[in-house]
Every structure is written in structure tokens, then in C-alpha cells.
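*Asks:* Below are the C-alpha cells for one structure; questions will follow.
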Amino acid sequence: MLRILHLSLVSNRLRLIALCVLIMSLQGCAVMKNIQDKFRNVTSHPDKKIEKNDFPAAKGEDVIGRLAVVRLEKGDTLPDIARHFGLGINAISAANPGVDVWVPEAGERIILPLSFILPDAPRKGLVVNLATMRLFHFKGDGTSMVVSTYPVGVGTEERPTPTGQMRVARKATRPTWHVPASIAADHRKKGDILPAEVPPGPKNPLGEYALYLSKSGYLIHGTNKPASIGLQATNGCMRLYPENVKTLFNDTPVNTPVAIVNQPYLIGQRNGVLYMEAHTPLENSDAGELEKMHAKLRTIEKKSAGTLDWKKVKEVQSEARGIPVPILAMRQGSETEAPEPLEVEHPDALYGRPEIPELTLKAWYVLAADVRDEIEARRLAAIINHQGPQIPARVIARDNGFRVLAGPFNDAGEARDAVKRLKYDLDIDGILIDPARKGQASPLPGTAHRTERR
Amino acid sequence: MKKGLLLISLLLVFPVTMIGCATTSELEKVEAQQKLIDAKADQALQDAQAAKAAADAAKLKADDATARAENAEKAAMERERIADEKAKKADAAFQKSMKK
């Protein structure tokens with residue numbers, strides 16, 4: 001009996017020990033998981049995706065989105081990166097000073113300024129900030145608001161986009177472009193005769209969708225020149241990337257209010273921190289904008305417990321990189337360190353990047369340039385490739401230099417049209433190269449063939 | 001007395017003669033030394049001149065190298081300026097081409 005009792009006691013002890021070991025090993029697993037999670041957070045693997053257009057806008061918060069970085073690959077251009085990530089050429093250039101727009105170095109880390117301070121305007125309908133060249137579409141009510149934002153191209157210094165309050169008067173898909181007399185005259189001076197109307201299609205600068213504003217003659221529309229987004233290139237209209245204007249068109253009913261402002265200096269808060277974002281003012285900007293911003297900052301400083309770092313304010317203003325920078329902790333315990341940008345994986349294919357068809361001996365070509373410097377040749381080829389509609393162009397290396405070759409073109413008409421466009425738009429005297437006939441040497445660069453200067 | 005005088009004379013002449021002989025050989029020795037020193041001086045002068053010439057040549061070379069480096073730097077700067085200008089010109093042309 002005693003023996004039986006003793007054995008059961010031993011067995012109970014063993015069970016207790018086994019239970020303890022099991023609990024401890026489970027605890028061990030939990031600890032390991034925590035360590036692994038921490039490690040995962042420390043070693044930053046690039047994220048595949050980043051939100052670029054749609055952001056929640058909490059009440060009382062003025063800063064949306066997050067900065068990101070991407071590593072360039074061979075052959076990338078900043079306009080291609082900008083389009084893929086929903087940015088304008090102005091924004092990506094300002095955020096990355098010193099980086100060659102057309103021939104950046106492979107491996108270079110590029111900041112994607114995907115964080116924005118909302119303009120100082122009622123959060124209703126469409127708000128366009130000309131200085132930042134960005135459109136904000138406020139959707140939803142005051143409690144749960146979502147803002148969609150897109151980069152835009154705006155009016156030139158000579159023909160600026162007007163500021164003020166307007167509304168969407170009507171909408172049209174596949175609009176016809178009625179060429180304004182001023183534009184027709186500009187083209188005539190260069191020897192380019194424009195028709196009175198340009199029907200929908202690749203040559204129509206309005207693209208596939210147009211929102212006509214209540215201010216007569218001004219539109220928000222698509223484009224056949226996507227590389228112009230983020231430039232002062234229009235006659236007062238606002239143009240969007242084709243993929244963005246389609247979304248905006250579908251999301252915006254007629255009579256939606258449209259506010260057009262010009263605010264190069266923006267201030268706003270997020271999580272108790274005051275941010276400032278500065279852009280290079282447009283030539284026709286109101287000189288008082290800077291003073292207005294300083295006055296606002298002085299008022300905020302008086303109200304807050306902290307002291308504003310005016311040296312930093314000046315630095316942000318003079319650098320004008322278009323990135324929200326934290327400048328003041330509005331409440332105790334708020335972090336004024338800029339959040340780390342998110343590392344984004346380079347996509348396999350950049351959306352909208354111009355594609356260059358293969359070389360073929362049966363096609364027509366245009367010799368656009370013959371230069372010694374490779375960078376110069378690559379830059380020119382990239383610029384030609386980003387014309388709207390695209391003129392495919394590539395660089396051909398030779399023993400003593402580089403040639404920029406536009407084409408292939410299906411027929412003489414297409415090639416002659418390219419020669420004309422190269423001359424009118426880029427002041428390039430292209431040389432027409434006709435296709436090789438049977439038994440003839442290749443007309444491609446390096447081999448002489450019949451050429452015709454246009 | 002005469003013998004005594006002769007002896008004295010001899011005694012006087014001999015050392016004088018000996019001194020004379022000694023002075024001649026010394027002179028020859030000095031002359032030889034002078035020649036040697038002169039030759040050495042010549043050599044030293046030649047060496048110095050050669051060294052100076054080498055130094056001058058080196059300086060010339062250095063100056064030339066500096067000038068060439070400066071020229072190369074200037075040329076590089078000029079190339080950079082031209083490249084910058086070309087890039088700006090290309091960019092301006094691109095921006096113009098983006099208008100309607």
C-alpha cells in the first residue's frame with residue numbers, strides 16, 4: 001500500500017514537472033516570436049506597395065501620407081518614377097535636388113514625397129494648389145473623410161491658371177479640342193498650322209476625359225503628354241495623368257465645388273506636431289504668402305507651450321523641397337523627429353513608361369543627333385521618348401560617339417511627321433532614313449544610305 | 001778663426017738651404033692641393049650647376065604639371081559647365097515641348 005502510494009506520488013511529481021516544462025517551452029516560443037518580430041522591424045525589407053492617391057483625413061489633422069524611398073534601376077528616369085508613384089515631375093525633382101532628371105545613376109535612392117499638407121481651404125469638393133501642382137478631392141462627411149490627391153500640370157507664366165472659387169459645370173468623355181486662336185497663332189509662328197478642331201485620339205491634348213469649369217475656357221482634363229504633369233505647361237487648364245483623370249472623372253459629379261489656390265508655404269499638424277512644407281513659388285505668386293505664413297507661425301508659437309525653431313523654418317523655406325518637415329511639438333511628449341521614410345521595392349514595370357519597339361530593317365528612322373557624349377545622347381533619347389504622343393528613340397553606340405535614333409516608323413509619312421515634330425518642339429534637325437531595300441546595305445547608323453534632311 | 005767663421009757660415013747656410021728646399025716642396029704640395037681643390041671646386045660647381053639645372057628642370061616639370069593640372073581642372077570645370085548648360089538647354093526644350 002505504501003509502495004503504491006509512493007509510486008502515485010512520484011507519478012504526480014513527474015506530471016507536474018512535465019507540465020512546467022511544457023509551460024516554459026511555450027513561453028520560450030512567445031519570447032522567440034517577439035525577438036523575431038523585433039528583428040523583422042529592424043531589418044527593413046522594401047515594401048511592395050505604398051498608397052499614393054487615397055488617404056484618410058482625420059478631423060483636425062492636416063498632414064496625409066508618408067514619405068518613401070525607392071532605389072533606381074538602370075534606364076530609369078525621374079518622370080517614369082514620378083508617374084508610377086503618382087507624383088509630378090516638379091515634386092520628384094524638388095525632393096531630390098542634384099539628381100539628373102533624365103539620366104540618374106542606377107542604385108541611387110530617390111525620395112518619393114508622398115506626404116502632403118492639405119491646402120488652407122474648405123475641405124469640400126476639389127481643391128487645387130497651383131504652387132504644389134496638386135489636386136485634392138475631399139470625399140465623405142466631416143466625421144470620416146477621405147482625400148484623393150493627384151499631381152497636375154498648370155498654366156504657364158504667360159497664361160496662368162486663375163485662382164478662385166468655381167464649380168464643375170459639365171463633363172465630357174473623348175472631348176474635341178477647339179484650338180484657341182492664341183495657340184493657333186503660336187504654332188503658326190513656328191510654321192505649324194493647326195486645324196480649328198482636334199478630334200479625340202492620340203493627338204488630342206485634352207486626353208480622354210474633361211471636366212469643364214464654371215469659369216469659361218478652363219478645364220480639368222487628361223493629357224497626351226503625361227511627362228508634362230508637374231510642369232507649368234498649359235494655357236490655364238489643369239491636366240492630369242490619363243489614369244488619374246479617369247478616376248477623378250468617375251468620382252466627381254457635376255456642380256462639385258472647385259477651389260483653386262496658390263499656396264507655396266503650407267503649415268499643418270498631425271499627432272500634436274506642427275509641420276511645414278515649402279515649395280518654390282510660381283513666378284506670378286503673391287509676394288505676401290511668405291509673410292502670411294510667418295504671421296501664422298507666430299500666432300501658433302504664442303498659443304503653444306514650445307518655442308519655434310525659426311532657423312529651421314528658414315531652412316525649410318529656402319530648401320523648398322516640398323516635403324512636410326516637423327517644426328514644433330504642439331503638446332508635451334510629441335515627437336518632432338521626422339518619421340523614417342518607407343523603403344519601397346522597385347516595381348518590375350513602371351506604369352506608363354514609354355516602350356521602344358525593336359529595331360527592324362524594314363522600317364523608317366530619323367537620325368536625331370550624333371554626339372560624342374553618352375549622357376547627352378541618353379538624355380536626348382529620353383526626352384524624345386517622353387514626347388506626347390511618344391516618339392520612340394534609342395541610343396546607338398559607335399566607335400567615336402553615340403547616335404540618337406528615332407523610330408522605327410511604319411512609313412515615310414510617320415517618319416516625316418516625327419521630323420516635323422522634332423523640329424517644332426525640340427528644334428532638332430532630324431535626318432530621314434528610309435528602309436533597306438533588297439540587296440542594299442543596312443540603312444541603320446554606321447552605314448551610309450540615302451538620307452533626306454528636313 | 002777663419003775655420004770658425006766658415007763653420008758658422010756653413011752652419012747658417014745649411015739651414016737656410018734646408019729651409020729653401022722645405023719651402024719649395026711645401027709650395028709644390030700646396031699647389032698640388034690647390035689644383036686638387038680647384039678640380040674639386042670645378043666638380044662641385046659642375047655638380048651644383050647640374051643639380052640646379054636638375055632642380056630647375058624639376059621645377060619646370062612641376063610648374064608644367066601644375067599648369068597642366070590646373071588646365072585639366074579648368075577643362076573639367078568647363079566640360080561640367082558645358083554639360084550643365086546642355087542639360088539645362090535640353091530641359092528647357094523639353095518643357096517647351098510639353099506645351100499644347
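Values quoted throughout were computed directly from the atomic coordinates according to the rules given, and no laboratory measurement underlies them. Small disclaimer: the values here were computed from a predicted structure and weren't measured. Every residue, glycine as well, gets a Cβ built from its backbone with ideal geometry; the counts of neighbours run over all protein chains shown.
*Asks:* Hey, got a sec? Which GluC sites (Glu not before Pro) in region A:358-419 land in a DSSP loop and have at most 10 other Cβ atoms within 10 Å?
*Replies:* Here the GluC sites (Glu not before Pro) that fit, given the DSSP loop and packing criteria, are A:E358.
*Asks:* Which parts of region A:189-222 would a label at A:A169 reach, counting a residue when its backbone N lies under 14 Å from a point 7 Å out along Cα-to-Cβ?
*Replies:* The answer is A:211-220.
*Asks:* Right, something else. May I ask you to derive the relative contact order of region A:57-207, considering only C-alpha pairs under 8 Å and at least 6 residues apart, and to give it as an integer percent?
*Replies:* Relative contact order here is 19 percent.
*Asks:* If you put +1 on each Lys and Arg Cβ and -1 on each Asp and Glu Cβ, how big is the dipole of chain A around its Cα centre, in Debye rounded to 20?
*Replies:* With Lys and Arg at +1 and Asp and Glu at -1, about 1060 debye.
*Asks:* Return the lysines within reach of A:K215: Cα separation strictly under 19 angstrom, same-chain partners fewer than 8 residues apart disregarded; answer none if there are no such residues.
*Replies:* Partners within reach: A:K124, A:K171.
*Asks:* With point charges of +1 on the Cβ of Lys and Arg and -1 on the Cβ of Asp and Glu, referenced to the Cα centre of region B:23-99, which listed residue (B:L36, B:A67, B:S97) lies farthest in the positive direction of the dipole?
*Replies:* Farthest towards the positive end: B:S97.
*Asks:* Which cross-chain or sequence-distant (5 or more) residues have an amide H under 5 Å from the amide H of A:D100, H modelled 1.01 Å from N in plane?
*Replies:* A:E105
*Asks:* Sum up the charges of everything whose Cβ sits under 15 Å from the Cβ of B:K86, counting Lys and Arg as +1 and Asp and Glu as -1, but leave B:K86 out.
*Replies:* Charge balance near B:K86 sits at -4.
*Asks:* Pull up the cross-link candidates among the lysines for A:K420, meaning alpha carbon to alpha carbon under 26 Å and not fewer than 8 places away within one chain.
*Replies:* A:K189, A:K190, A:K203, A:K225, A:K362, B:K86, B:K88, B:K89, B:K96, B:K99, B:K100
*Asks:* Taking the alpha-carbon distance from A:K314 and a cut-off under 21 Å, which lysines remain once sequence neighbours fewer than 8 residues away in the same chain are dropped?
*Replies:* By straight Cα distance, A:K314 reaches A:K292, A:K296, A:K302, A:K303.
*Asks:* If you add up the charges near A:P357, with Lys and Arg at +1 and Asp and Glu at -1, over every other residue whose beta carbon is less than 15 angstrom from its beta carbon, what do you get?
*Replies:* -1
*Asks:* Using the Cα centre of region B:23-99 as the reference point, and only Cβ charges (+1 on K/R, -1 on D/E), how large is the resulting charge dipole? Debye, rounded to the nearest 20.
*Replies:* Computed charge dipole of region B:23-99: roughly 980 debye.
*Asks:* Then there is this: Along the charge dipole of chain A, which of A:A57, A:P46, A:S182 sits closest to the positive end, that is, farthest toward it, with unit charges on the beta carbon of Lys, Arg, Asp and Glu (+1, +1, -1, -1)?
*Replies:* The listed residue farthest towards the positive side: A:A57.
*Asks:* With r defined as the distance between the Cβ atoms of A:R331 and A:N250 and R0 fixed at 45 Å, what FRET efficiency is calculated, to the nearest 0.05?
*Replies:* Computed FRET efficiency for A:R331 and A:N250: 0.65.
*Asks:* So what is the calculated 222 nm ellipticity per residue for chain A, using -39500 (n - 2.57) for each DSSP H run with n of 4 or more, over all residues, to the nearest 500 deg cm²/dmol?
*Replies:* Value at 222 nm, helices only, nearest 500: -9000 deg cm²/dmol.
*Asks:* Return a whole-number percent for the relative contact order of chain A, with Cα pairs under 8 Å and 6 or more residues apart as the contact set.
*Replies:* 15
*Asks:* In sequence order, what are the phi-derived ³J(HN,Hα) couplings for region A:309-324 according to the Karplus relation 6.51 cos²θ - 1.76 cosθ + 1.60 with θ = phi - 60°, rounded to whole Hz, with x for glycine and proline?
*Replies:* Each residue's phi maps through the Karplus curve to give 8, 5, 5, 5, 4, 5, 4, 4, 5, 6, 6, 6, 8, x, 10, x Hz.
*Asks:* Place the peptides A:156-167, A:230-241 in order of packing, highest mean first, counting for every residue the other Cβ atoms within 10 Å and averaging per peptide.
*Replies:* The densest-packed peptide leads the list: A:230-241, A:156-167.
*Asks:* Take every residue in peptide A:218-228, count the Cβ atoms of other chains within 10 Å of its Cβ, and give the average of those counts.
*Replies:* 2
*Asks:* Identify, among A:T256, A:L87, A:T360, the residue whose Cα sits farthest towards the positive end of the charge dipole of chain A, taking +1 on the Cβ of Lys and Arg and -1 on the Cβ of Asp and Glu, with the dipole about the Cα centre.
*Replies:* Projecting each Cα onto the dipole axis, the largest value belongs to A:T256.
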